[in-house]
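For reference, the structure is listed below as C-alpha cells.
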Amino acid sequence: MIKRILSSSYLGILLVMLYAPILIIIIFSFTEAKVLGNWTGFSFKLYTSLFKGGVHHSLSSALLNTLVIGLIAAFASTILGTMAAIGIYNLQPGPQKAVKMVNTIPILNPDIITAISLFLLFVSLGLTQGYTTVILAHITFCTPYVVLSVLPRLRRMNTNLYEAALDLGATPFKALWKILLPELRPGMISGFILAFTLSIDDFVVTLFTIGNEGLETLSTYIYADARKGGLTPELRPLSAIIFVTVLVLLIVINQRAAKRKV
Amino acid sequence: MYRKIRSFVGRRRNWTIPYVLFLAFFVIVPLALIVVFAFSNNEGGFSFTNFRKFWMQPEAMNTFIYSVGVAIVTTFICLILGYPAAYLMSRMEPKRAKLMVILFILPMWVNFLIRTLATVALFDFLKLPLGEGALYFGMVYNFLPFMIYPIYNILQKTDQNLIEAAQDLGANPRQVFLKTTLPLSTPGISSGILMVFMPVISTFAIAELLTINNIKLFGTTLQENIYNGMWNYGAALSLVMLLLIGITSLINSDGSTKAAEEGNLI
C-alpha cells in the first residue's frame, strides 16, 4: 500500500514539473497584464483581441503561414512517403535495407545539422529563400516519419488481395485505389497528422530556410519576440488553444489506435 | 512506348525511385555540401583553415566542450529521474500505464519555444534566479519524456518469467533488479541516452532564453557563424558536431535504430 502511494506520488511530482509551465501559460491567458506572471483580474480580452486581428496582424499572418506550410508539407510528404513505402516493401532485401537506412538519417540528424545542410544546398543553388524552400525543407524531415508509419500496415496486409484484383482484370491503378489505399489509410492518416505536427512545431529548420524577406511562421515570430524581451500577450491564449487542440488530436489518434487493435 | 511506361509504373518497386531521388538531393547532397564547405577557404579552394581556426580559437572550442558537458549532465539527470518513472509505469495495469505515457508525451507537443518561455515565467513566478539552474531544469523538462518512453517500452516487454525465475532461485528484490531487470532493459537505456544526448548537444535558443544570454551553447555558435556569412567556418563546426553524433550512434548502433523507430512517438 505504502509502496503504491510512494510510486504514484513520484510520478505525480514529475507530471507536476512537466505541466507547471504550461498551466501558468493557460492561467495567465485569462488576464490582461502585459507581463507574464502579473495577475490583473480575470478577463477574456486576450482571446478576443487574438481573433480581431488588426493590431496583431503580424501574429495572425504568422499563424496562417504556419498552417499553410504545415498542410502543404504534410500533404506532399504523405503522398511521397506512401509511394516510397509501397516501393520499399517490394524491394529486394539489399536495396531495401539501404533505402531504409538513408530514410532514418533525417530522423536521427539533429535539427541544426539538417537546417545548415539545407541552407547550404539552397544558397549553392542560388535559390531565393522563402515559402518554397521552407516547404521543401519540411517535406525533407517529415517524409521519413510517413514511411515509418505506412510500412507496418503493408507488412500486416495480405498481398494476395492486390494480385487477386489484378488477376480479376483490375488495372494496376484501380487495384491501387480499391485495394491498397483503403488498407494503408490508417497509417497514412497517422503519418499525415505526425507530419503536420512536426511541421508546425519546427523552429530551427524553418529559421535557416525562411530567408529574410519578412516571411514569418509562429516559431520564428515567437523567437523574434522573445529576443526583443517581451512576449506578445496574445501568444498566451494562442498557446492555450494550441495545447487544447493537440490534446484533442492526441485523444482521437489514440482512440483510433485502440480501435485498430480490437 | 506507352506500354513500356505502364509496365515500368506497374512494377511497384519502381515507386521507390521518386523518394530515392528526393533523398539523394535533399539529404545526401546537403550533407556532402557540409563537407565541401568545411574543407574550403573563402576563395573556394581546398584547405584546412577552418579546422585550424577551430583548434586555435579557444572560444568555439570552449563552447563545444561546455555543451558536451551540459548534454552529459542533462542525460544523466534524465536517466536518474526517468528510469524509476519508466519502471513504475511498466508495473501498472496496461490501461493506466497507457494514460501515463500519453500524459508524459503531451507537453512535448507544445511548441518548445513557448514551453521554454513558460519555464522562464515559472522561475520568475517562484522568484528563482535564471542561470545555470534554470538551464538544467529547462533541458531536463524538454527532454525527459524522450528518456522515459524507450525505457518504459522495453521494460513493459520484458519476459516476466525471467524475473519470476530469478525470484524462485532465491534472489532478493535488489538482486532481481540488478541482475535481471536492469540488464534486460539496457537497449531501452541506450536508445534513451541517444534520444536525449543528441538533441541537447545541438539545442539552439533554449540556453539563451533560460540564462538571459549569459550561457551560449554550441548550437548557437553554429547559427551565429552561418548568420554572419561565415559559411565555411560554420560548416566546419557542423562537421565537428556531425562527427561527435556519428561516433555516439556508432557506439550504440542498436540504440540508434531503435531511436529512429521510436521517433514515431504516437
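Annotations for the structure displayed:
- Environment charge at B:Leu99 (Cβ cut-off 15 Å; Lys +1, Arg +1, Asp -1, Glu -1): +3
- Simple point charges give the picture: +1 on the Cβ of Lys and Arg, -1 on the Cβ of Asp and Glu, and for the range B:121-238 a dipole about the Cα centre of about 100 debye.
- Dipole in debye (nearest 20) - the protein assembly as shown, about Cα centre, beta carbon charges: Lys, Arg +1; Asp, Glu -1: 1660
- Helical content of chain A, expressed as a calculated mean residue ellipticity at 222 nm, amounts to -25500 deg cm²/dmol (DSSP H runs of 4 or more residues, -39,500 (n - 2.57) each, divided by residue number, nearest 500).
- Panel note: contact residues of the range A:17-34 (accessible area lowered by at least 50 Å² against the chain on its own; 1.4 Å probe) correspond to A:Met17, A:Leu18, A:Tyr19, A:Pro21, A:Ile24.
- A:Ser8 accessible area, assembled protein chains, probe 1.4 Å, Å²: 50
- Cα convex hull, the range A:3-69: 135 Å³ per residue, rounded to a whole number.
- A:Tyr89 accessible area, assembled protein chains, probe 1.4 Å, Å²: 70
- Mean ellipticity per residue at 222 nm, deg cm²/dmol - from DSSP H runs of n ≥ 4 across chain B, formula -39500 (n - 2.57): -23000 deg cm²/dmol
- Amide H contacts of A:Thr31 (H built 1.01 Å from N, under 5 Å, at least 5 apart or other chain): A:Ser43
- Per residue, the average separation of C-alpha pairs within less than 8 Å and at least 6 apart gives chain B a relative contact order of 27 percent.
- Normalised per residue, the accessible area of the range A:87-162 is 38 Å², obtained with a 1.4 Å probe and no contribution from ligands, DNA or RNA.
- Taking B:Val35, A:Val147 and ordering them by how much accessible surface each has at a 1.4 Å probe, largest first, produces B:Val35, A:Val147.
- Accessible area of the protein assembly as shown belonging to carbon and sulfur atoms, whole % at 1.4 Å probe: 67
- Accessible area buried, both sides summed, chains A and B with 1.4 Å probe, Å²: 7500
- Added length on full extension, which subtracts the Cα-Cα distance from 0.36 nm per residue, B:Arg11 to B:Gln167: 50.6 nm
- Relative contact order (%) - the range B:150-201, alpha-carbon pairs under 8 angstrom, separation at least six: 54
- To the nearest 10, the accessible area of B:Trp15 is 40 Å² with a 1.4 Å probe.
- Reach of A:Lys45 by Cα under 20 Å, taken over aspartates and glutamates that are not fewer than 8 positions away in the same chain: A:Glu32, A:Glu234
- Rounded to the nearest 20, the size of the Cβ-charge dipole of the range B:57-261 about its Cα centre is 440 debye, with Lys and Arg at +1 and Asp and Glu at -1.
- Dimensions in Å of the protein assembly as shown - Rg and Dmax from alpha carbons: 24.4, 77
- Kirkwood hydrodynamic radius (C-alpha pairs) into Stokes-Einstein, the range B:1-134, 4 °C and 1.567 mPa s, D in µm²/s: 60
- Geometric descriptor of chain A, per residue, is 208 Å³ (volume of the convex hull of the Cα atoms).
- Selected from A:Tyr131, B:Gly234, A:Val244, residue furthest toward positive end of dipole (the protein assembly as shown; charges at beta carbon): A:Val244
- Whole-number D in µm² s⁻¹ for the range A:148-262, Kirkwood Cα-pair radius fed into Stokes-Einstein, 25 °C, 0.890 mPa s: 138
- Percentage of interatomic Cα-Cα distances in the range A:1-116 larger than 22 Å: 68
- Taking only the alpha carbons of chain B, we obtain Rg and Dmax values of 23.0, 75 Å in that order.
- Percentage relative contact order, chain A, counting C-alpha pairs under 8 Å, at least six apart: 30
The values are calculated or read from the model by the stated rules, or taken from the named source; none is laboratory data. Everything numeric in this text was worked out from a predicted model, so none of it was measured. Because the Cβ atoms are built from the backbone with ideal geometry, glycine has one as well, and the counts that use them run over all protein chains shown. Calculation scope for accessible area: heavy atoms of the full protein, side chains included, ligands and nucleic acids excluded. Shrake-Rupley method; radii C 1.70, N 1.55, O 1.52, S 1.80 Å.
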